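The values are calculated or read from the model by the stated rules, or taken from the named source; none is laboratory data. Keep in mind that what you see is a predicted model, and the values were worked out from it rather than measured. Backbone-built Cβ (ideal geometry, glycine too); neighbour counts: all protein chains shown. Side chains included, ligands, DNA and RNA excluded: accessible areas come from the protein's heavy atoms. Shrake-Rupley method; radii C 1.70, N 1.55, O 1.52, S 1.80 Å.
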Amino acid sequence: MTFPAYASANDRLPRRTMILLVEDDPFVREATCSILENAGFEVLPAVDAPSALKLYEERHLVIDLVMTDMILPGATGEQLGQAMRQRSPSILVLVTSGYINPEYEVEAPESRTYFLSKPYSRKTLIDKIEKILGDKPQARAASQAC
């Protein structure tokens, strides 16, 4: 007698959207991780550019979005995004900054780089990420968690 092959639970669930969060301020990093995880995203936190690059090298195939602070130890968020694009030209990058500098606030959708000013609300953050990701499927829509 043979039994039908059943898929494991992991095979049936869609993969959740993975965000690499690069933030050197522990409070902001923890709060943002919490917001993103509660909205249904998977989060890989990093404290600086070198650790973010290491995580990206290890997991770039499952990272959907890099969310990075503009000012980081070791590099700017823009430099970090450029370094990651050498490996994966189509990676989406969301740069955040609490500094008022019009140079930082330039979005370049053609290069898949976006900007969000700090401080941001939970709703503003989730709306921005959903806009960037477009119709990319997730296990649970982030807007349903707000």
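Close contacts from the stretch 34-50, counting a first residue that is under 23 Å from LYS123 (Cβ atoms) and a second that is open to solvent by 70 Å² or more (accessible area, probe 1.4 Å), with Cβ to Cβ under 6 Å and a gap of 6+ residues or different chains, come to ILE35/ARG122; GLY40/ARG140; GLU42/ARG16; VAL43/GLU37.
Scanning the stretch 61-79 for residues that are among the aliphatic types (A, V, I, L, M) and in a helix (DSSP H, G or I) yields a total of 2. Residues that are at pLDDT below 90, surrounded by 17 or more Cβ atoms within 10 Å (Cβ to Cβ) and part of a helix (DSSP H, G or I) do occur in the stretch 134-145, at least one of them.
In the stretch 57-75, which residue that is over 19 Å from THR32 (Cα atoms) and touching a residue at least 24 places away in the same chain (Cβ under 8 Å) is surrounded by the fewest Cβ atoms within 10 Å (Cβ to Cβ)? Reasoning before the result, please.
First, the residues of the stretch 57-75 that are over 19 Å from THR32 (Cα atoms): 57-62, 74-75.
Next, only the ones that are touching a residue at least 24 places away in the same chain (Cβ under 8 Å) stay: 57, 59-60, 62, 74-75.
On the way: GLU57: 10, ARG59: 12, HIS60: 15, VAL62: 13, GLY74: 14, ALA75: 19.
Selected residue: GLU57.
The residue of the stretch 23-71 that is modelled with the lowest pLDDT, among those that are within 24 Å of GLU130 (Cβ to Cβ) and of a type in the set (Val, Ile, Thr), is VAL62.
For every residue, the table says whether it meets (1) over 11 Å from VAL22 (Cβ atoms); (2) not in a strand (DSSP E or B).
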residue: SER34; (1), (2): yes, yes
residue: LEU55; (1), (2): no, yes
residue: ARG59; (1), (2): yes, yes
residue: GLY81; (1), (2): no, yes
residue: VAL95; (1), (2): no, no
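Just checking, how many residues over the stretch 47-56 are open to solvent by 50 Å² or more (accessible area, probe 1.4 Å) and aliphatic (A, V, I, L, M)?
Of the residues in the stretch 47-56, the ones open to solvent by 50 Å² or more (accessible area, probe 1.4 Å) are 47, 50, 53-54.
Adding the requirement that they be aliphatic (A, V, I, L, M) leaves 47, 53.
Matching residues across the stretch 47-56 total 2.
All conditions but one from (1) charged (D, E, K, R); (2) more than 16 Å from the chain's Cα centre (by Cα); (3) modelled with pLDDT of 85 or more apply to GLU130; the one that does not is (2).
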